[in-house]
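Colleague: I'd like to ask you about the structure that follows.
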Amino acid sequence: MRMYFSDKDTITTWTTSGNYTSKATLNFTGDTPLQTTYNNAYATRASLSDLAGTYSSNVISKNNAALDVDVSIDSRGKISGGDASSCFVIGQAAPRASGKNVFDVTLNAQGNDCPSGTSSTSGIGILLGNEFTVFTENAANNNVIGFSGNK
C-alpha cells in the first residue's frame with residue numbers, strides 16, 4: 001500500500017494487514033490502523049454531469065503547503081482553477097471504465113507560486129454528494145496534488 005503523509009512530507013510504501021467484508025467494512029491493523037465502512041454511492045456510475053460545477057477547495061501538495069482554490073469542472077470534465085496569487089491548476093476528469101463512482105484525474109500545476117512547483121500528476125477522484133475528493137501523484141512518485149472541495 002502506498003500512503004502520503006503530509007505532516008512528514010513523504011510518500012512511502014508500507015505493509016499492513018486486515019480484513020474486509022464485501023460491501024460492508026474494511027479494517028487495517030498495524031502502525032496506522034484504519035477502519036472504514038462501505039458507501040453505496042461507490043456502486044453508482046460516475047457522471048460528468050453530476051461532477052460539473054465549481055468547488056471551493058483546499059489544495060495540498062507534497063511539502064504540506066495548502067492553497068484555497070476554486071476549482072471548476074465543466075460538463076466534459078475539463079478542470080481549471082487557481083488561487084489569488086499565480087498558481088493555476090488545469091486538468092481532466094473522466095469516469096473510470098469500471099462503472100463505479102470513480103474518476104481518472106490528471107492535474108497540472110502551473111505558476112511560480114505553486115507549492116508543488118510546476119508538476120503533472122495523475123490519479124483518482126471520488127464524488128460523494130456535493131464533495132469531490134482527488135489524489136494524484138507524478139510519474140516519479142515523489143510529488144502529489146490533492147484536494148477536497150464542496151460545490
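The values are calculated or read from the model by the stated rules, or taken from the named source; none is laboratory data. Note that the coordinates shown come from a computational prediction; the quantities given were computed from them, not determined experimentally. For neighbour counting, all protein chains shown are included, and Cβ atoms are generated from backbone atoms with ideal geometry for every residue, glycine included.
Colleague: Filter segment 117-151 down to residues that are of a type in the set (Val, Ile, Thr) and exposed (fewer than 15 other Cβ atoms within 10 Å of the Cβ) and give me whichever is modelled with the highest pLDDT.
Modeller: Ile124
Colleague: A further question on this structure: Yes or no: segment 129-149 includes at least one residue that is part of a strand (DSSP E or B) and among the acidic types (Asp, Glu).
Modeller: Checking segment 129-149: at least one residue is part of a strand (DSSP E or B) and among the acidic types (Asp, Glu).
Colleague: On to the next question. When only residues in segment 46-64 that are at pLDDT 70 or above and outside any strand (DSSP E or B) count, which is surrounded by the fewest Cβ atoms within 10 Å (Cβ to Cβ)?
Modeller: Ser49
Colleague: Being within 15 Å of the chain's Cα centre (by Cα), in the same structural domain as Ser56 (by TED's automatic domain parsing) and crowded, with 16+ Cβ neighbours inside 10 Å is the requirement here; does Ile79 meet it?
Modeller: Details: within 15 Å of the chain's Cα centre (by Cα): yes; in the same structural domain as Ser56 (by TED's automatic domain parsing): yes; crowded, with 16+ Cβ neighbours inside 10 Å: yes.
In short, yes.
Colleague: Next question, about the same structure. Residue pairs, Cβ under 6 Å, 6 or more apart or interchain, first in segment 24-45 and modelled with pLDDT of 80 or more, second among the aliphatic types (A, V, I, L, M) and not in a loop (DSSP other than H, G, I, E, B). List them.
Modeller: Ala41/Leu128
Colleague: Keeping to segment 89-110, report how many residues are among the aliphatic types (A, V, I, L, M) and under 17 Å from Ala139 (Cβ atoms). Talk me through it step by step, then tell me what you get.
Modeller: Going residue by residue through segment 89-110, those that are among the aliphatic types (A, V, I, L, M) are 89-90, 93-94, 97, 102, 105, 107, 109.
Among the residues that remain, those that are also under 17 Å from Ala139 (Cβ atoms) are: 105, 107, 109.
The qualifying residues number 3.
Colleague: Can you tell me which residue in segment 100-116 is surrounded by the fewest Cβ atoms within 10 Å (Cβ to Cβ), limited to those that are at pLDDT below 90 and in a strand (DSSP E or B)? First the steps, then the outcome.
Modeller: From segment 100-116, those at pLDDT below 90 are 108-116; that's our starting set.
Now drop any that are not in a strand (DSSP E or B), which leaves 108-110.
Values: Asn108: 18, Ala109: 25, Gln110: 15.
Going through the qualifying residues, I end up with Gln110.
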